[in-house]
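Working notes, beginning with the structure itself.
The values are calculated or read from the model by the stated rules, or taken from the named source; none is laboratory data. What you see is a predicted model, and the numbers here were worked out from it, not measured in a lab. Every residue, glycine as well, gets a Cβ built from its backbone with ideal geometry; the counts of neighbours run over all protein chains shown. What goes into the accessible areas is simple: the full protein's heavy atoms, side chains included, and nothing from ligands, DNA or RNA. Shrake-Rupley method; radii C 1.70, N 1.55, O 1.52, S 1.80 Å.
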Amino acid sequence: METYDTVLDVFDDHQNFALSTHINPDGDAIGSELALYSFLRDLGKQVLIFNTDAVPKIYQFLPFSDAVLPPEALQGYSPEILVVLDSGMLKRIGDDLCRSLIPSNAIVNIDHHATANHFGRYNLIEEEASSTSEIIYQLIQHHGTPIGRDRALCLYTGIMFDTGCFRYSNSTPAAHRIAAELINAGVSVDEIYRLVYETTPAARIRLLGDVLQTLGMTPDGKIAWGYATQEMFRKTGTGREDVDGFINHIRSIDTVEFAVLVSEQEDGRSKASLRSKSYIDAGEIAAEFGGGGHQRAAGCEIDAHYDAAIAQLVASAQQRINKLKEVSGVKPEEFSERLN
Ligand code: 5GP
Ligand code: MN
């Protein structure tokens, strides 16, 4: 496991960098990536960002978001160092980039996922960090470079996103202290919140209506699920990225411990988001299906139709709940303290 010093030395010792992050990038993926881009540029390095997916519209207000290039732009650029951000597994950067970027360079892996693979030559993995953005903040601080307003906007957006606006259990004292520093550096909290969460197109709200109609629950109400189909995307003029956050509605149901939201992909396979409240480990269930994530938020792809995928995920969660009951004779709810 690398320290901040080791990673800063690697930065010092090289000149050409490529940055990348996971497919379907979220606020933390983009925020951490853009802040690191700006930091390396200020150190006088050549830095290019290659992402499989474009920057989602809601993050295009962030400084440096124009710097993100598609995989096709690589065209012979061979960086000495590839920095991969917020990606528990290397393949999460996408197949094309894996093929073209990986063979030629040393990888620095910066991540906070509990299920993180140590796929880099250098691995800066901080499971206690709320977000990858928090790790980038620490890295820049460690170097002694001022954060500045532009990088503060990126990093605050990342921490805000990954902590669910400071509501999830990863909203640690450190996350709050760093957020305070970022506000001091010029972040306007209400403005960022508005830009990220209150600019929803009407089409997305219509999609939400369709998805919520699919709600299903086990008889005890502990496990709940929903799905989004290609037909719904077509009808409402939306895409798969538009379901981001919908799962929170399912988890917010009073009786629910474990929530599943499956999206039908264009090829008919399933992309699942998993969330739990207090005693089921969503990351373990995702890992069982070849995915990953955290205790409370995880995801995976399943090579099956959405109803079959839901059935498999629900069965796995149900088995875990049954086991907790069997082993202990106490209510599963009482396990929450041990897990958190
Ligand atoms: P989301 O459900 O918001 O897409 O993802 C929740 C969490 O699970 C994120 O931390 C994300 O990195 C992780 N995750 C989502 N999908 C996958 C996947 O297919 N594979 C892996 N390894 N992690 C995933
Ligand atoms: Mn993250």
Give me a count of the residues in the range 271-281 that are more than 8 Å from ligand 1 (Cβ to nearest atom) and touching a Ser or Thr at 6+ places or on another chain (Cβ under 7 Å).
-> 2
Surrounded by fewer than 19 Cβ atoms within 10 Å (Cβ to Cβ), touching a strand residue (DSSP E or B) at 6+ places or on another chain (Cβ under 8 Å) and touching a residue at least 40 places away in the same chain (Cβ under 8 Å) - does that describe any residue in the range 87-94?
-> yes
Filtering the range 50-66 down to residues that are modelled with pLDDT of 95 or more, within 20 Å of the chain's Cα centre (by Cα) and part of a helix (DSSP H, G or I) yields Tyr59, Ser65
For the subset of the range 260-289 comprising residues that are among the polar types (S, T, N, Q) and not in a strand (DSSP E or B), which member is farthest from Glu241 (Cα to Cα)?
-> Ser278
In the range 141-189, residue farthest from ligand 1 (Cβ to nearest atom) [restricted to those that are within 21 Å of His294 (Cα to Cα) and of a type in the set (Gly, Ala, Ser)] | Ala174
Can you tell which of Gln295, Gln319 is in contact with a helix residue (DSSP H, G or I) (Cβ under 9 Å, 6 or more places away or on another chain) and open to solvent by 40 Å² or more (accessible area, probe 1.4 Å)?
-> Gln295
When you scan the range 68-88, how many residues do you find that are within 16 Å of ligand 2 (Cβ to nearest atom) and under 14 Å from Asn24 (Cα atoms)?
-> 4
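Of the residues Ile310, Ile253, Ile285, which is surrounded by fewer than 19 Cβ atoms within 10 Å (Cβ to Cβ) and either at pLDDT below 95 or away from ligand 2 (no atom under 16 Å from the Cβ) (or both)?
Numbers: Ile310 fails: surrounded by fewer than 19 Cβ atoms within 10 Å (Cβ to Cβ); Ile285 fails: surrounded by fewer than 19 Cβ atoms within 10 Å (Cβ to Cβ).
Only one candidate qualifies: Ile253.
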Taking the range 95-142 and keeping residues in a helix (DSSP H, G or I), crowded, with 17+ Cβ neighbours inside 10 Å and either within 16 Å of ligand 2 (Cβ to nearest atom) or at pLDDT 95 or above (or both) leaves Thr132, Ser133, Glu134, Ile135, Ile136, Tyr137, Leu139, Ile140
With respect to Ser65, determine if the residue is surrounded by fewer than 16 Cβ atoms within 10 Å (Cβ to Cβ) and in contact (Cβ under 8 Å) with a residue 12 or more places away in the chain.
-> no
Select from the range 187-196 the residues that are open to solvent by 30 Å² or more (accessible area, probe 1.4 Å) and without any contact (Cβ under 8 Å) to a residue 60 or more places away in the chain and list them in ascending order.
-> Ser188, Val189, Asp190, Glu191, Tyr193, Arg194
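Quick check, is Thr145 open to solvent by 20 Å² or more (accessible area, probe 1.4 Å), farther than 27 Å from Leu313 by Cβ and assigned to a loop (DSSP other than H, G, I, E, B)? Even if it seems obvious, please write down each step before you answer.
Working: open to solvent by 20 Å² or more (accessible area, probe 1.4 Å): yes; farther than 27 Å from Leu313 by Cβ: yes; assigned to a loop (DSSP other than H, G, I, E, B): yes.
Criteria met by Thr145.
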